[in-house]
Every structure is written in C-alpha cells, then in structure tokens.
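Notes follow the structure.
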Amino acid sequence: MTDHPILVAGGGIGGLATAAGLAQKGLRSVVVEQASDLREIGAGIQIGPNAFHCFDTLGVGQTMRRGAVYIDALRLMDARSGEEITRIPLGEDFRAYFGNPYAVIHRADLHRVLLDACIASPLVEIRTAHRVTGYSQEGTKTRLHIDGQHDITGAAVIGAEGLHSPIRSQMIGDGPPRISGHTTYRSVIPADQMPQDLRWNAATLWAGPKCHIVHYPLKGGKMYNLVVTYHRDLQEAVAGRPVSRDEVMQGFEHIAPRAQKIIEHGDNWKMWVLCDRDPISNWVDGRVALLGDSAHPMLQYFAQGACMAMEDAVCLSHCFAEGGPVEDVLLRYQQKRLVRTARVQMNSRLIGDYIYHPDDAKAAVRDHVMKGMSPEDWCRQLNWLYGSNGLEN
Ligand SMILES: Cc1cc2nc3c(=O)[nH]c(=O)nc-3n(C[C@H](O)[C@H](O)[C@H](O)COP(=O)(O)OP(=O)(O)OC[C@H]3O[C@@H](n4cnc5c(N)ncnc54)[C@H](O)[C@@H]3O)c2cc1C
C-alpha cells in the first residue's frame, strides 16, 4: 500500500460499509458520492442474520440492533385464496441456530448508522456532489475522474455506485443491466393506516401469479412497509417515480379482497422497474474492484442485495488487512466473494419464478414442498446463506 487513501465511488449502503470496514482496519478512504447529501430512499429493508454478522465486524452491531424490528416469522400466503401456505418461525431457535436474528429496518436508519460510523472516523473523508465518470491507473496510483472537477488520486478504487456504475461500464463494458419487466411499488404508512387484522409482527409475502405483495412493520411497529410487484413487462429502467394508487391496483383484481385492501391503504406510492445482471467471473482490473450492486446486481426476491454489499465490504477490508500488493488483495477479495454472490443472484431469479410468482402446477409444487418443511428443515436449507460471515464462498 502507499500513503494514498482507498477511493470508494458511491455513498450507498455498500460504499459506506466499505469505508467503515476499512476504518476498522486502520485504513484511510475517501467516499465520493454524486448526490449533494447522503441519504437512502424512504422504505424498509429485510436483513438476514448474515447482515448482523457484518454489523458487528463493521463496529455498528449494537446501534443497528437498537433500530431494528425483530419480527416473529416470515409468512407465505396464497394471494388468491388468502390462506397461509407456510411460515418460518424466527424466534429463539432460529436465532440460536444462526447466532443472530432476522430483522427489518428502515433504510434511512441503516444508512444513517453507517454514515455516522464514517463521520466519526478520522480515517474517512466524504465528498458529496462529486459524480464519478471513470478511472485510470498508473503504477501504484489510481485516479477517479470526476465530472467537471479535478481527479482524485488514491491507492485503489472501489466501484460501489450501484446498478448503473460507470466504473463497471468502463471495466466490463457489458452495457445496461437486464430489465426484468417486473414493476415494484413501495409505500410506507403509519401503523394505524394498516388494516387492523394484518398488523402482524412478520414479514408477510402474499404470492400470486405474476404478482405479489409484501408487508412488514418498521420503526418499532409504528409504520408498515408495503411492497407490491407485478409483471408489467415494462422495458424502461425506472427508479422511484411517483405513481397513483389506481395504477398500483391494476392487475390485482383476481387476488383475495383481504390482500387487495393492503394496496388500498398505501399512499405516496413510488415505482421501480427491477433490473439485474447475469453473474460474471471478473470484477477486478488491477487496482480497481467492484462491490455491491455494481458487481452483482440482483432481483429483490431473496432480500439480500444490501446484505451482500455489506458482506463484500467486510471481506474487502479483511483482505486489505491481510496485506500484500493491492492487485493481489483485490483478486483475493473477488475470489472469496464470487461464488456466493453469484449463487444469491441466480437464486433471486429462481425464487421469483418458483416461490413469488408461480401459477397452476408450479404453485401446487411450491405449496406441497413448502408445507412439508419443518423449522429445522428451513434452518438447514438456509444455513449456507445466513450461517456465513461472507468471508468465504
Ligand atoms: C424493491 C427492492 C427491495 C429490496 N429489498 C432488499 C432487502 O429487503 N434486503 C436487502 O438486503 N436488499 C434489498 N434490496 C437490494 C438493495 O437495495 C441493494 O442491493 C443495495 O442498496 C445495493 O447497495 P449499493 O451500495 O451497492 O448500491 P446503491 O444503493 O445503488 O448505492 C449507490 C450509491 O452510489 C451513488 N452513485 C451512483 N452513481 C454515481 C456516480 N457516477 N458517482 C458518484 N456516486 C454515484 C448513488 O447516488 C448511491 O448513493 C432491494 C432492492 C429493491 C429494488
């Protein structure tokens, strides 16, 4: 390593976790973010036990635990019949199995905790209103190119600018992400706006053909997060566009009235068209590496994109702390993360097709298999994901 800092492009969950992780190992970084202030969208996020393993390593475990809501179960409902298909209990046995809980949290709270950890560290510098356009490298130096401003020089570049990463575009050149055509709408409502009989302390998935609804409590149960998805086959990558409730309701006529009511109670809906990419086997170019959605963007169906970004951050910091030439450090990081993140990317698509959105015989198979699973079966099934600290594939 040289005296230069590590340059982290993007101040989202992945970028901030990276800076916090590097600081934990005594390494300097500069986070370069395009937005003029750092914040997350107003929505919830599910965090598996693997994310809690990360929080502890990043030095934010206790603060994060205070802001999280500890739900009792993951519930799978048939959106057409309104009947429960199965539930995964998340109580004592689950926590003991994985050594950590499954929880939900407001994105702004998660992001804020990571940001505070960065601000508190003299090893992290944050530059907002800096839009990264690309990188160059020469000898032991790397440069981040910034729109309309001077380059920033560092020892390494970490591209954590998400789905439309310019660093990925320069490094891999694989064009825009794949547009799934699945349209997702999000709303966060006060708990008293949520139908009384659905104020469950659970992350609940109402699964129907080509559509689903998810809801769970946030902010100590004072709010509910609503996520509604439908295959509208849109071919434009939309992120956070405001839409009317009537638009969200379209296509849900066939689902149980109880589930439809959830949509009626949402307001201030915003829309996304979900994108991902096929896994790739190289995200390193010399002293430059990708991280989080820049490296392995995935559909939301496994609720693991942010968890994987934080695991990347932990693994990357760990590899830097082990030492060696920067090029070797980054290749080691990639080698430790590749199979696991690709597996989650691929599983996220499969889960969407076979658990969230199947119809007819495929739905019958899902119900049959999932009804036959005991809580112990679920723990064994998910151990590769939740039981790992992400330092090995
Ligand atoms: C509907 C939905 C639900 C989800 N639910 C979950 C869940 O329950 N659990 C979970 O773990 N994950 C979930 N995810 C996935 C998760 O949101 C992402 O995987 C995660 O936010 C990726 O973090 P990131 O830091 O890699 O990228 P981002 O969050 O996209 O952050 C990138 C940052 O880089 C900045 N940036 C972009 N371009 C530039 C540039 N040129 N120069 C400088 N800065 C730039 C952006 O402004 C942003 O701050 C969900 C995703 C969606 C769409």
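The values are calculated or read from the model by the stated rules, or taken from the named source; none is laboratory data. Just so you know, these numbers come straight off a predicted model, no measurement behind them. Here Cβ is always computed from backbone atoms with ideal geometry, including for glycine, and neighbour counts include all displayed protein chains. With ligands, DNA and RNA removed, areas are computed over all heavy atoms of the protein, side chains included. Shrake-Rupley method; radii C 1.70, N 1.55, O 1.52, S 1.80 Å.
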Output the DSSP H helices from the chain with an along-axis C-alpha extent of no less than 27 Å and a mean Kyte-Doolittle hydropathy no less than -1.0.
326-351
Given a Förster distance of 35 angstrom, what is the FRET efficiency for residue 141 paired with residue 178, based on the Cβ-Cβ distance and rounded to 0.05?
0.50
A chain fully extended from residue 343 to residue 201 at 0.36 nm per residue, minus the present Cα-Cα distance, gains in nm 48.2 nm
Shape call for region 185-331 from the C-alpha gyration tensor, a ≥ b ≥ c root eigenvalues: rounded (a/c under 1.5), prolate (a/b greater than b/c) or oblate?
prolate
Proximal lysines relative to residue 219, as straight alpha-carbon distance under 21 Å, when same-chain residues fewer than 8 apart are discounted:
270
With no solvent and one point per C-alpha, what does the Debye sum give as log10 I(q)/I(0) for region 307-393 at q = 0.22, 0.25 Å⁻¹?
-1.05, -1.19
Å² of accessible area per residue within the chain, as computed with a 1.4 Å probe and no ligands counted:
40 Å²
Where 77, 346 fall by accessible area, highest first, once all protein chains stay in place (1.4 Å):
346, 77
Spatial separation of Cα centroids for region 125-199 and region 1-26, in angstrom
14 Å
Tabulate in residue order the Karplus-calculated ³J(HN,Hα) for region 206-220, using 6.51 cos²θ - 1.76 cosθ + 1.60 with θ = phi - 60°, rounded to whole Hz; enter x for Gly and Pro.
9, 9, x, x, 6, 7, 7, 10, 10, 9, 7, x, 9, 6, x
Under-5 Å amide H pairs with residue 135, H placed in peptide plane, nonlocal only
145
At a probe size of 1.4 Å, how large is the accessible area of residue 192, to the nearest 10 Å²?
120 Å²
Express in % the proportion of alpha carbon pairs of the chain at distances exceeding 35 Å.
24 percent
Probe radius 1.4 Å, ligands and nucleic acids ignored: give me the carbon and sulfur share of the accessible area of region 47-87 as a rounded percent.
41 percent
Hey, rough spin-label estimate for residue 321 and residue 56, points 7 angstrom out along Cα→Cβ, what's it come to in nanometres?
1.3 nm
When the chain is fully extended, how far beyond the present Cα-Cα distance does residue 278 get from residue 120, taking 0.36 nm per residue of separation?
53.2 nm
For region 104-231, the percent of accessible surface on carbon and sulfur atoms (probe 1.4 angstrom, ligands and nucleic acids excluded) is 50 percent
Taking 0.36 nm per residue of separation between residue 3 and residue 37 and subtracting their Cα-Cα distance, the length gained on full extension comes to 9.5 nm
Just reorder 264, 33 by solvent-accessible area, largest first, 1.4 Å probe, all chains present.
264, 33
I'd like the FRET efficiency for residue 258 and residue 210, computed as 1/(1 + (r/R0)^6) with the beta carbon distance as r and R0 of 22 Å, rounded to 0.05.
0.70
Say R0 is 22 Å: what FRET efficiency, to the nearest 0.05, do residue 328 and residue 388 get from their beta-carbon distance?
0.40
Over 20 Å, how big is the tail of the calculated P(r) for region 241-319, in percent of all Cα pairs?
55 percent
